[in-house]
Amino acid sequence: MRVKVAEPDAIIDGGRLIVKVKEMEIGLFRIEGKYYAWRNVCPHAAAPVCAGAIRGTRLPSDVYDYCYGLEDRVLRCPWHGWEFDLKSGHHLAPGSDAKLRGYPVETDDTGVYVVLRKRN
């Protein structure tokens, strides 16, 4: 099922839009010209994760060597600070298998669409 969630170019690069689709909230993000859709539920404690801050983070580095990266690509949960890569949905903590639930996004001249999978 393909659901229109926004007009073409409705979201600026680095921006977001939280939409309601089939009684669930989905965060739609535009990163480097590409759209990503994530369910607005943090896998840690069911917080509205898509309302969190978007920024970068400190990358793994040597002692006393602080490297900052992933600028405007990290979503930080507003409740407990868990950080997720907006492109992959993966939680950034080393060894974590936590991930946001994502949906395919399609775009054309008529709009931005989230594709929901059919349940059997």
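The values are calculated or read from the model by the stated rules, or taken from the named source; none is laboratory data. Remember, it's a predicted structure, so these values are computed and weren't measured experimentally. Note: ideal-geometry Cβ built from the backbone for every residue, glycine included; neighbour counts use all protein chains shown. These area figures cover heavy atoms from the full protein model, side chains too; ligands, DNA and RNA do not enter into them. Shrake-Rupley method; radii C 1.70, N 1.55, O 1.52, S 1.80 Å.
When 60, 43 are screened for being surrounded by fewer than 15 Cβ atoms within 10 Å (Cβ to Cβ) and either farther than 27 Å from residue 7 by Cβ or aliphatic (A, V, I, L, M) (or both), only 60 passes. Annotation note: of 81, 89, the sole residue that is on the phi > 0 side of the Ramachandran plot and surrounded by 18 or more Cβ atoms within 10 Å (Cβ to Cβ) is 89.
Taken over the stretch 1-30, residues that are open to solvent by 10 Å² or more (accessible area, probe 1.4 Å), of a type outside the set (Gly, Ala, Ser) and more than 14 Å from residue 116 (Cβ to Cβ) amount to 9.
Against the numbered list (1) more than 18 Å from residue 117 (Cα to Cα); (2) in contact with an Asp or Glu (Cβ under 8 Å, 6 or more places away or on another chain); (3) touching a residue at least 24 places away in the same chain (Cβ under 8 Å), residue 55 comes up short only at (3). Look at the stretch 93-119: where a residue is of a type in the set (Phe, Trp, Tyr) and a partner is open to solvent by 70 Å² or more (accessible area, probe 1.4 Å) and not in a loop (DSSP other than H, G, I, E, B), sitting 6+ places away or on another chain with Cβ atoms under 8 Å, you get 103/39; 113/2; 113/4; 113/106; 113/107. Here the stretch 31-40 is the region considered, the condition is being open to solvent by 20 Å² or more (accessible area, probe 1.4 Å) and of a type outside the set (Lys, Arg), and the residue that is nearest to the chain's Cα centre (by Cα) is 36. The single residue among 74, 49 that is surrounded by 13 or more Cβ atoms within 10 Å (Cβ to Cβ), of a type in the set (Val, Ile, Thr) and at pLDDT 95 or above turns out to be 49.
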